[in-house]
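As structure tokens, the structure follows; a few thoughts come after it.
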Amino acid sequence: MNCYVINLDRSNDRLFRIREEFDRINLKFIRVPAVDGRMLSQEKFNEHAKLRNLSRPQVGVILSHQLCWRLFKESDEEYCAIFEDDIHLSRELPELLAEIEKSELGFSILKIETARKKILISKKSFFDILYRQVRKIGSYHVGAAGYVLHKSFSNQFNQHHSIANTVPLDEFLFKYMISKTTVFQLDPAAVIQDQAEGVKEQVNIESLIADNRQKKYHKRTSQKIVNELKRPIINLLRVRLGFSLFKYKRVKISFK
């Protein structure tokens, strides 16, 4: 399984650290030069940003991950793993990836990262790997710094490319696509971003989408209250739309 790591040409410090992280667990990776959103033409930027008022870093992230998807499609591999360069990795990751390749799980997307935010996850485990469970994702799980794709994803991306081009990357993979294909979550996760909640050994690497994430994670109190009031209504809608909430539980995915 090829491991792709997205890294901006100007981010040598991040490349040095991510090499150390992969060397620590004896895992090889292919560096993929990230698309610098700041360098996009106004026309190219508007093509992706106008519907959702995305930032230039967000558009850069979308295009960078899509570059990995194209490399994967052109390869002979059945699976690939995609990472951003501001992450911490479990020591068990190489063995986990090897087991995933042999598992015949039948997924399109497997998130192996956690943001330690509460999400809906299936109570049922569809597969066990090294004392970890593989469960279905039932609600939006923020972040796309570590995930595995199956070859079938290429056709699904082609079917939904107009959405993929115009919404934040993690929303496309771990919100929009959960009703379109099989999207699983590794529990506990084996990848976590440096700035995620509860990371003990942070090295304070600024995220490629830090400008947007700051807005997300530092909401005003009034907005948080509105979100809590909306939650029961949203859950009711999920039931009516076929989510069968009794099959899911709301938890924070841990990192191990």
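Read the figures in this text as sums done on the coordinates, not as results from a lab. Predicted model, so just to flag it, every value in this text is computed and none were measured. All Cβ positions, glycine included, derive from the backbone under ideal geometry; neighbour counts span all protein chains shown.
Beyond a 19 Å Cα-Cα separation, which of these cross-linked pairs lie in this structure: K50/K117; K118/K151; K117/K256; K175/K249; K118/K175; K117/K249? Walk me through the intermediate numbers first.
On the way: K50/K117 28 Å; K118/K151 29 Å; K117/K256 15 Å; K175/K249 16 Å; K118/K175 14 Å; K117/K249 13 Å.
As for pairs spanning more than 19 Å Cα to Cα, those are K50/K117; K118/K151.
Of the residues I6, I163, the one with the fewest other Cβ atoms within 10 Å heads the list, and the complete ranking is I163, I6. In this simple spin-label model, placing a label point 7 Å from the Cα along the Cα-to-Cβ direction at both T181 and K249 gives a separation of 2.8 nm.
Full extension of the chain between E104 and D9 gives 30.6 nm of extra length, using 0.36 nm per residue less the Cα-Cα distance.
For H160 and V199, a Förster radius of 30 Å and the Cβ-Cβ distance give a FRET efficiency of 0.40, rounded to the nearest 0.05.
What does the net charge come to around S125 if you take all other residues with beta carbon closer than 11 Å to its beta carbon, with K and R at +1 and D and E at -1? Residues close to S125 contribute a combined charge of +3. Around the amide H of L8, modelled in the peptide plane, lie the amide H atoms of A34, all under 5 Å away and 5 or more residues distant in sequence or on another chain. Computed from point charges on the beta carbon alone (+1 for Lys and Arg, -1 for Asp and Glu), the dipole magnitude for region 1-139 about its Cα centre is near 800 Debye.
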